[in-house]
1. Please list, or write none, the aspartates and glutamates whose alpha carbon is within less than 19 Å of the alpha carbon of K144, excluding same-chain residues fewer than 8 places away.
2. How far apart, in nm, are the 7 Å Cα→Cβ label points at A54 and T26?
3. A54: net charge of surrounding residues, Cβ under 14 Å, Lys/Arg +1, Asp/Glu -1, itself excluded?
4. For E149, E51, E77, E95, write out the residues from largest to smallest accessible area, computed with a 1.4 angstrom probe and no ligands counted.
Amino acid sequence: VFVIDTSGSTAAPSGMDVNGNGTVGTPQLGVVGSVLGLGSTDSGDSILSAEVAAARQFLSRLDARRTRVALVTFAGEDLGDGSFEVPSRDSALTEVGLSHEYRDVEKALLRVLHRGPRGLTHMAAGVDQATIELLGLRGAYSKKDPRSEKIVVFLTDGQPVMPRGGPTQA
C-alpha cells in the first residue's frame, strides 16, 4: 500500500525539479510565503509532486502479475477553534484498493495531484487505513489474502500534528 501525505504542508517546494521543466520551485513570496505555507512557485515541484513521482517510480518497478498495489491518502482538518476533528474515515481515504490494475493506481495518483494538498498531518489515520486494506478488515475495498506479504510505503514530509489531546497528553 502506498500511503501518501496530502496535508497542506506538502504544497511547499521539494527543493528539486520534480516535473523536469528546468526550474526548481521556491516558496511563494520567499521566507514570508514559507512561514505562511503559500506553497511553491512551481506546483510541479511541490512535496506532494515528489511523493507522487516516488510512488510512480516504485510502481513502475513492480510486476502486476505478482503484486497487488493500493493507494491511501491522509490529512486532517483543523476545526478553527484550536481543536482538531475527531479522527474520521475522511482523515484517510483509500483511493484504490489492492489491485493488479496499475493503470487504476496511476489514474488515482493523477487525481491526488489534481486535488492538491489540504489540511493537517494525520499520520495515524494513514497507518490505520493501510492496515484496514492490507488485512481486508471491515470497510476495506481490498480482499484479504493471508498468504501475501504486506508492505506499506509511507510518504510524508513531516511530523504528525494529529490527533491531538489523546490520553497521554496532559
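1. Once the sequence-local aspartates and glutamates are set aside, what remains near K144 is E95, E101, D128, E133.
2. Here the modelled spin labels are 2.5 nm apart.
3. Local net charge: -3.
4. E149, E77, E95, E51
The values are calculated or read from the model by the stated rules, or taken from the named source; none is laboratory data. Everything numeric here is computed off the predicted structure, so don't read it as measured data. Positions of Cβ are backbone-derived with ideal geometry, glycine not excepted, and every protein chain shown enters the neighbour counts. Ligands, DNA and RNA are excluded from the accessible area calculation, which covers all protein heavy atoms including side chains. Shrake-Rupley method; radii C 1.70, N 1.55, O 1.52, S 1.80 Å.
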